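First comes the structure, then the notes that go with it.
Every number here is computed from the coordinates shown, using simple stated rules; none is lab data. These numbers were taken from a predicted model, which means no experiment stands behind them. All Cβ positions, glycine included, derive from the backbone under ideal geometry; neighbour counts span all protein chains shown.
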Amino acid sequence: MKRTLTRGILLTAVSGLAITLSACGSDDGGSTASGSSSSSSSMAEESAAMASSDAPFGAGCSAVPTEGEGSVEGMADDPVATAASNNPVLSTLVTAVQAANLVDTLNTTDDITVLAPANPAFEAVPADTLNGLLADTPTLTTVLTHHVIPGRLAPEDLAGTHTTLNNDEVTIEGSGEDFSVAMDGTVVGMEASVICGNVQTANATVYVIDQVLKPAGM
């Protein structure tokens, strides 16, 4: 009788322990699944944010060709001066770069940021001033190299004061997808805005702007 009672108590204890362990295992599994789901969601959000930050931005990007060598995808394979020459939005800039003999310099300099004036930026400069600038190679070189910053600047690093290839400084204000250079920093005295930013070429990150910048002392 005593042996039977003891055996019954042991069986009850073992059954209770088994149920407890099973319940714990079930809780752990639910927690792991929840953690995995949360982790996957977080990774997806991070990937989406990275994809967004890598993409060009700005209303002016709509003027860039959607296919061919002058498109965003086409420009990515070429060095910056060559890439710009394939983009009709930057044809006047290319003419200026050729006049200053800067094609090789821009194409062979690794990791730079180019603030590239679009055609309307040059059109805003009075014709006599622009023609005089294109005919004055030293001054033209000073102006163009003022638009080039050593190092590739991502949008989150663009705001601030940067030393240019001309060894002077340019100050860019803003954040997100809204960046500008103050009116006293442009040739015609109007604020310059980034109209198509974060365009990649083989050796540069390009921010297309709507005014021609003015070096200090000009």
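A Förster radius of 35 Å combined with the Cβ-Cβ distance from residue 76 to residue 99 puts the calculated FRET efficiency at roughly 0.85.
A simple rule links phi to the HN-Hα coupling: the Karplus curve 6.51 cos²θ - 1.76 cosθ + 1.60 with θ = phi - 60°, which for the range 110-118 gives 7, 6, 10, 10, 10, 8, 9, x, 6 Hz, with x for Gly and Pro. Out of the DSSP beta bridges found with both residues in the range 63-218, what percent are antiparallel (nearest 5)? Restricted to the range 63-218, the bridges split so that about 75 percent are antiparallel. Residues whose amide H comes within less than 5 Å of that of residue 116, counting only those at least five positions distant or on another chain, are 207, 208, 209 (H built at 1.01 Å from N in the peptide plane). For residue 179, the residues 5 or more places off, or on other chains, whose built amide H falls under 5 Å of its own are 194. Between residue 67 and residue 175, the distance separating the two model label sites (each 7 Å from Cα on the Cα→Cβ line) works out to 4.0 nm.
For the range 70-178, applying the loop criterion from DSSP together with a ceiling of 15 other beta carbons within 10 Å to the GluC sites (Glu not before Pro) yields 177.
Computed from the Cβ-Cβ distance with R0 of 22 Å, the FRET efficiency linking residue 168 to residue 128 stands at 0.30.
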